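Data first, discussion second: the structure below is written as structure tokens.
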Amino acid sequence: MSVALKAVITDTAQSLEEKLTSLLGETLLSQEVARPKRLQEAMNYAALSGGKRLRPILMVEAARLLGHTQEGTLIAASALECIHCYSLAHDDLPAMDDDDVRRGRPTTHKAFDEATAILAGDALLTIAFDFIADERVHPDPAIRLRLSQEMARASGIGGMAGGQMLDLASEHRDRTEAEIRQLQAMKTGALIRFACRAGAILASASEDDIARLTRFGEIIGLAFQLADDLLDLTGDAQVVGKATGKDAEAGKATLVGLLGEENARQELDRLIHEADELLEPYGDKAQTLKTLSRYIADRES
Ligand code: GRG
């Protein structure tokens with residue numbers, strides 16, 4: 001990755017970090033209700049603990065590609081990151097994946113307690129809709145409403161939560177490739193798809209451009225999951241505190257398990273090539289998004 005592109009991505013991650021920190025403080029402070037300090041701390045712990053901020057970066061870059069560089073995009077991107085962080089806090093709970101370590105430190109329920117982690121997740125999910133309804137996101141209320149509805153769908157029963165349910169419901173039995181693709185598209189793909197789509201919607205792009213960015217998001221969502229499953233095969237994941245091999249122990253089927261490592265790597269290359277092709281019409285302007293999709297495939301954590 002060139003130094004200039006790396007700087008763009010690092011800058012966006014840094015701006016997101018600052019925006020999310022100030023929004024969490026600002027929104028909590030502005031509400032004239034008692035704010036349980038412990039819940040506030042747990043929300044901050046779950047949301048401000050140094051993730052890669054991939055989904056927000058994708059949203060900001062998709063918007064930028066289509067000519068939209070307003071500050072409000074960072075608020076919409078913060079909303080999406082809150083949903084992602086809630087899902088991780090809940091996924092780590094004993095009732096789900098039962099993980100002790102996330103992002104190299106104790107999971108939210110280990111640092112606090114299970115009830116607090118559940119409530120912190122609930123409050124992060126709901127605050128996300130507070131953020132996305134903020135007038136500063138976009139002056140057009142129809143755009144804010146569309147984003148809100150699409151974010152609800154990406155995270156709910158037809159998206160991430162539904163995908164998680166399908167995953168849990170079919171543990172310990174053989175799954176077809178189609179079933180695995182479907183549940184992954186929902187469980188991890190839906191938020192990534194929404195990130196790219198939302199960037200285009202914020203830019204008031206044509207329906208053609210929105211559809212193109214949506215397809216790009218679907219492809220890199222699948223690539224993200226494949227890369228994650230491939231990472232689980234290596235020791236690297238353990239170094240950063242991931243539960244290496246845990247999915248296999250829990251009886252979860254993956255595309256890597258089904259296709260084999262070699263075929264999975266080829267499929268990953270094919271997906272990144274397809275993602276590049278989708279961005280061809282945008283020429284050099286798409287360089288950052290292309291770099292991001294390559295990073296998603298090659299990442300080491
Ligand atoms: C609890 C409703 C509910 C859903 C949980 C996202 C999810 C659904 C579960 C996460 C399980 C998991 C670890 C899947 C692998 C892919 C993934 C989402 C990894 C974490 O995302 P990153 O790599 O994390 O973007 P960071 O820490 O960088 O934000």
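Each reported figure results from applying straightforward, stated rules to the coordinates on display, with no laboratory input. Since we're looking at a predicted model, the values are computed, not measured. Cβ coordinates were reconstructed from backbone atoms using ideal geometry, including for glycine residues, and neighbour counts include every protein chain displayed.
Below is a table of values for the structure above.
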| read-out | value |
| --- | --- |
| Pair-distance profile P(r), taking every C-alpha pair of the stretch 42-111, with 5 angstrom steps and integer % | 3, 17, 25, 19, 13, 10, 7, 4, 1 |
| Whole-Å distance, taken between Cα centres, linking the stretch 73-131 and the stretch 160-228 | 20 Å |
| Three principal axis lengths of the chain [C-alpha, angstrom, descending] | 53, 49, 36 |
| Order by protection proxy (mean Cβ within 10 Å, highest first), peptides 217-228, 110-121 | 217-228, 110-121 |
| Among N263, S206, G162 the positive-end extreme of the charge dipole of the chain (Cβ point charges) | S206 |
| Given charges at Cβ of Lys, Arg, Asp, Glu: the chain dipole, positive-most of L119, L289, I75 | I75 |
| Phi to ³J(HN,Hα) by Karplus 6.51 cos²θ - 1.76 cosθ + 1.60 over the stretch 82-94, Hz, x for Gly, Pro | 4, 5, 4, 5, 4, 5, 5, 4, 6, 4, 6, 5, x |
| Lys/Arg +1, Asp/Glu -1 at C-beta; the chain dipole; positive extreme among I219, Q184, A89 | A89 |
| Across K187/K285; K110/K187; K6/K37; K6/K110; K110/K290, pairs whose alpha-carbon gap is larger than 28 Å | K187/K285; K6/K37; K6/K110; K110/K290 |
| Computed magnitude of the charge dipole of the stretch 3-298 (debye, nearest 20; Cβ of K, R +1, Cβ of D, E -1) | 480 debye |
| Relative contact order of the stretch 3-298, defined on C-alpha pairs under 8 angstrom at six or more residues apart (%) | 19 percent |
| V101 long-range amide H proximity, modeled H, under 5 Å | T107 |
